[in-house]
Structures are given as C-alpha cells and as structure tokens.
Amino acid sequence: MVNTGEKGHEPEVIQRARASIPTSLNITPQTTPVVAFGRPQLARVATLGINPSDKEFNKSDGSLLPQDRKRLVDRETLNIDDQTELSLEDAARVVEGGYSYFENKDKVYKTWFSWMETYAVRPSGASYFDGTACHLDLVQWATSPVWRDLEPDRVQKVLLDSDVEFLRFQLTTYKIPLLLLNGRAVLNQFTELRIADLKEDKNVSRREGARGCQFFVGTFAGTKVLGWTNNIPSQTPQSNRETISDWITRHASAKG
C-alpha cells in the first residue's frame, strides 16, 4: 500500500513540492516543482522528458502567465517569494495542480503534448486526457534558459543528481507498466544516471523515407521502457514519427 500524507499525497511528493528555488541554477523565477503532469497513481503509461518547459509558467516574453491562463500553481498564485519553502497546504495545491493538468484541455501546452499524444501515447493504448497516461521529468524544475543552453558540468549535472531519486521513487511506487523516453537527450541522461540498461532494437519496420532514428528497450522495477532518439515534437520528419508510432504499438501490445 502506498503511504499517503497531506490530503492523500505521499510524504515524498509533498516534500518535493515544498522546495524553495535553489539559487544559481537558472530555475525559472516564481515557479514551483512539477511533480507530474497527470496522475501517476492511475496511469498505465508515462512519457519522460528532461524538465518542464518554462512556457508552462511564462508567456513568450518571459513574464508569468496571467491568473486566468495559468496552467500550474506558481509562486505568484501562492503569494510567496522564490526562497520560501511552501507550507504543507500550499504544497498540496502545487501537487494537485500538476495532477489535474490535463483536465482543462484549453490550458494544456499543446505545442508539446499534442504531438506526444498523437504519436506516442495513443499508439501505446492510452491517453493523457482520460487519465491513463501521465508525463514525468528527470528534473522537476523549469529553467530559463532552456535545458540545452544550461552549463552541462555545473547546472545540468547538479539538477539531474538532485532530482533523479524522486523519479526512482515515482517509478518504484506507482509501478507504471510502460515508460516512454522521447528523444536522444532523455535517453542519454536516463542511461548515464544508471536508471536502467537499455538495448538497441534493430528489428524495426520503417515507413518509406524514415531514417536516422534508433530504438531502445529495457526494464526498470517491472516497468517496460521504450525509447527512441528523435524528439517527436521537434522537427522530426513525419515518416519517422509514424515509424515511432508503429514501433510503440508493436511493443505495447506484445506479451511480456
């Protein structure tokens, strides 16, 4: 049985949500940790990314989304500064804000999640929007600038080392049957952090014109792990997206 604390949330989840923003690590100001998009307790599929986009909190000019357009519970909503640790009540609001993310389709960051829903989640037999899929991240903080522009040996490493144990907790606690790793950056970090060993699947039926994408399979604590090197939402050729979808469907429907 999962041990739950404040308002039914596990103590580890509440503690993760309570964190003040660490200094000198390029965390997007006035944001909160995103413990999950959707409800991992109910999901049978999870997608995995590096970290949340700052667009989940900010407009294109870098200012916070106005109250009526906020997608998540930020520090402006809670009326606290970046260095304040959240109260238990505020942490529960932050967690619930992430868990209920897909329940208002109008506020979902469609630039990313619509591509993943179409070409990864639905082919696996699930959906973000009916609660059968969720999204997790290796790092729960949004950053400005975006991940690829952060200092690898200082900022990226510190954030990954700090947050990976929370991801391990989620995977071992919720026992989500299928985990989907989107893109080379996620695959590389997942293996470098020694979360699971992955083996390349070279027996892939490709759509006409598809090329340049590798596919990997593994397991972690009873969870089947599927990963591919193309980033579905980012300038990936359509034939590659369709090949990824076909491959996911084949593995998701396979026994064992």
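None of the figures in this text is laboratory data; all of them are computed from the coordinates on show. Source: prediction; values computed, not measured. Note: ideal-geometry Cβ built from the backbone for every residue, glycine included; neighbour counts use all protein chains shown.
Relative contact order of the range 6-253, please, whole-number percent, based on alpha carbon pairs below 8 angstrom and at least 6 residues apart.
Averaging sequence separation for qualifying contacts and normalising by length gives 25 percent for the range 6-253.
Charges at C-beta only: +1 for Lys and Arg, -1 for Asp and Glu. How large is the resulting dipole of the chain about its Cα centre, in Debye rounded to 20?
1080
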Value at 222 nm in deg cm²/dmol, rounded to 500, when DSSP H runs of n ≥ 4 in the chain each add -39,500 (n - 2.57): -8500 deg cm²/dmol
Cα convex hull of the range 125-256: mean projected area in nm², to one decimal? 8.8
Ordering 125-138, 8-21 by per-residue average of other C-beta atoms within 10 angstrom, highest first, gives 125-138, 8-21
Answer label for Cα extents along the principal axes in Å (calculated), chosen among (1) 53, 44, 37; (2) 51, 46, 30; (3) 58, 53, 38: (1)
Rounded to the nearest 10, the angle in degrees between the Cα long axis of helix 88-99 and the longest principal axis of the Cα atoms of the chain comes to 30
For Asp54, Asp61, what ranking results if the residue with the fewest other Cβ atoms within 10 Å of its Cβ goes first? Asp61, Asp54
Sorted by mean Cβ packing within 10 Å, highest first, what order do the peptides 23-32, 168-177, 193-202 take? 23-32, 168-177, 193-202
Checked against a 19 Å limit on the C-alpha separation, the offending pairs among Lys59/Lys110; Lys70/Lys175; Lys59/Lys107; Lys59/Lys157; Lys70/Lys107; Lys157/Lys202 are Lys70/Lys175; Lys59/Lys157; Lys157/Lys202
Where only C-alpha atoms are counted, convex hull volume of the range 202-256 per residue in Å³: 85
Divide the volume of the convex hull of the Cα atoms of the range 1-138 by its number of residues and quote the answer in cubic angstrom per residue. 112
Between helix 238-253 and the chain: long-axis angle, C-alpha atoms, 0 to 90°, nearest 10: 90
Counting Lys +1, Arg +1, Asp -1, Glu -1, what net charge surrounds Ile195 among other residues with beta carbon under 14 Å of its beta carbon? -3
DSSP beta bridges in the chain [antiparallel fraction, %, rounded to 5]: 45
Relative counts (whole %) of C-alpha pair distances in the range 163-240, using bins that are 5 Å wide: 3, 14, 24, 24, 16, 10, 6, 2, 0
